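Undergrad: Below is the structure I would like to discuss, written out as C-alpha cells.
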Amino acid sequence: MTGTPGAAELAELAAAVAAEAAELLASRHGRVRVVQTKSSPTDVVTEMDEAAEQLIRRRILAARPGDAILGEEGGQTGAGASVRWIVDPLDGTVNYLYGLPQWSVSIAAEVAGRVVAGVVNAPMQRSVFTATLGGGAWQQSDWLASPQRLACNDGVPLADALVATGFGYAASRRAVQGEVVAALLPQVRDIRRAGSAAVDLCSLASGQVDAYYERGLHDWDLAAGGLIAREAGARVGGLRGEPAGTTMALAAAPGLFAELHDLLVSLAADRPDGAGD
Ligand code: IPD
C-alpha cells in the first residue's frame, strides 16, 4: 500500500493489526510484570504495553513504510507523512494487570490532521468497534451474526443519565475529580468507572452508557474511540467550544452533551489542579 489511501483501507489495516496485538495481550492477561511507572507510582507500564506497541509499529510500517506513528509508549516517530497513526497499545493497563476484562487496543489513522479511521479491539469483551469518517460506527462481537451499526442513546435527560468517567493518575488531579464527581452523582442516574477511556467511548457509542467525560486524556486514549462515538451520533468536545482534549473530553448525544457541559462548567471541572496536562 502506498500513497494516501482511503479510510476503509486504513481501517482494515488498523483492524488486522489491533487483532494481532489483542491476541498477544490476551495470552498474558493478568499474568504480567510492571516494568516502569510514569506520571505517578500507580501509572504503570507493563512489559506487555511495550511488546504490543512494538508489534503494532512493526506491522503498520511493514504495510505502509514512512507513515508517522504516535504511540503511548514510544512517542512520535516519522514526520511529514500523509498518514499518522495514533496508538494506545493497551488502554486500561491497570485492569489488564489485575485480570479485569475492560481493556483494549486502540488504533486510529489520521490524514491531514483529521482522524478518518478508528478501531478499538476489546478481546475480553469479545468485541471489536470500528469507524470510518462518514461511514458510521460498527460493532462486531462473538454473539452477533454480522457487524451491527451503532447509535448512541438519544433524548436522555441528565437526571436519567448513566455517566461514565475516569480519573487521572496524579493525586492532586484525583482530588479535584473526586469533588466534581461527588457533586455530579446526586444529579444523574449513576456513575460508571470502567478503566479504559477507549472502552468508555465505545460503550457510549453502543448505548451501554449515556454520556462520558474525563479530564486528562491524551490523543491515544481519545482518537479511535472519539471517532467511533461521533460516528454513532454523539457530540464529542471539550468545554466552552474547545475540541475534546487533555483539559476535558465530553461525549454524549447533543442534548445531553449540552446539559452535562453546563454542569461541568458550573462545577469548574477544569480548574487548576496542579497536575500539569
Ligand atoms: C487510562 C485509561 C483510564 C483513564 C486514564 C487513562 P492507560 O489509560 O484510559 O480509563 O481513566 O485517564 O490514562 O493508562 O490504561 O493507557
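Undergrad: State, as an integer percentage, the relative contact order of the stretch 73-182 based on alpha-carbon contacts under 8 Å between residues 6 or more apart. If you can, show how the numbers build up before the last one.
TA: Values: 139 pairs, mean separation 14.0, N = 110.
Contact order relative to length: 13 percent.
Undergrad: Also, quick follow-up: Taking Cα atoms of the stretch 7-149, Rg/Rh with Kirkwood Rh, to two decimals? Write down the numbers at each step before the final one.
TA: Details: Rg = 14.9 Å, Rh = 15.4 Å.
Result for the stretch 7-149 is an Rg/Rh of 0.97.
Undergrad: How high is the relative contact order of the stretch 7-149? Use alpha-carbon pairs under 8 Å, at least six apart in sequence, and give a whole percent. Before the final figure, lay out the partial values.
TA: Values: 280 pairs, mean separation 31.4, N = 143.
Relative contact order, the stretch 7-149: 22 percent.
Undergrad: Fully extended, how many nm does the chain gain between Asp160 and Ser141 (0.36 nm per residue separation, minus their Cα-Cα distance)?
TA: Numbers: separation 19, 0.36 × 19 = 6.84 nm, distance 2.77 nm.
Gain on stretching Asp160 to Ser141: 4.1 nm.
Undergrad: Now a separate question. Quick one: grab the alpha carbon gyration tensor of the stretch 158-266, order the square roots of its eigenvalues as a ≥ b ≥ c, and give me rounded if a/c is under 1.5, else prolate or oblate depending on whether a/b is larger than b/c.
TA: Numbers: a/c = 1.35, a/b = 1.10, b/c = 1.23.
Since a/c stays below 1.5, the shape of the stretch 158-266 is classed as rounded.
Undergrad: I need the semi-axes of the equivalent ellipsoid of the chain: take the C-alpha gyration tensor, multiply each eigenvalue by 5, square-root it, list largest first in whole angstrom.
TA: Working: eigenvalues 154, 92, 66 Å².
Value: 28, 21, 18 Å, ordered largest first.
Undergrad: May I pose another question? At a threshold of 8 angstrom on Cα-Cα distance, excluding pairs fewer than six apart, so keeping six or more, what relative contact order does the chain reach in percent? Each step should come with its number before you reach the end.
TA: Details: 629 pairs, mean separation 45.7, N = 277.
Result for the chain is 17 percent.
Undergrad: Modelled label-to-label distance, Arg149 and Glu242, 7 Å Cα→beta-carbon offset: nm?
TA: Result for the modelled spin labels: 3.5 nm.
Undergrad: For every helix of n ≥ 4 consecutive DSSP H residues, a contribution of -39,500 (n - 2.57) applies; sum these over the chain, divide by its total residues, and give [θ] at 222 nm rounded to the nearest 500 deg cm²/dmol.
TA: Values: 7 runs with 92 residues, N = 277.
-10500 deg cm²/dmol, from helical runs alone.
Undergrad: Kirkwood Rh over Cα pairs of the stretch 108-151 into Stokes-Einstein at 4 °C, 1.567 mPa s: D in µm²/s?
TA: Roughly 117 µm²/s, to the nearest whole number.
Undergrad: Rounded if a/c is under 1.5, else prolate if a/b beats b/c, else oblate: with a ≥ b ≥ c from the C-alpha gyration tensor eigenvalues square-rooted, which is the stretch 90-200?
TA: Values: a/c = 1.64, a/b = 1.41, b/c = 1.16.
Cα axes put the stretch 90-200 in the prolate bin.
Undergrad: Expressed as a whole percentage, what fraction of the accessible surface of the chain belongs to carbon and sulfur atoms when a 1.4 Å probe is rolled over the protein heavy atoms?
TA: On the way: 6040 of 11540 Å².
Within the chain, the accessible surface is 52 percent carbon and sulfur.
The values are calculated or read from the model by the stated rules, or taken from the named source; none is laboratory data. What you see is a predicted model, and the numbers here were worked out from it, not measured in a lab. No Cβ is skipped: glycine too gets one built from the backbone with ideal geometry, and neighbour counts run over all protein chains shown. Accessible surface is based on the protein model in full, side chains and every heavy atom, while ligands, DNA and RNA are left aside. Shrake-Rupley method; radii C 1.70, N 1.55, O 1.52, S 1.80 Å.
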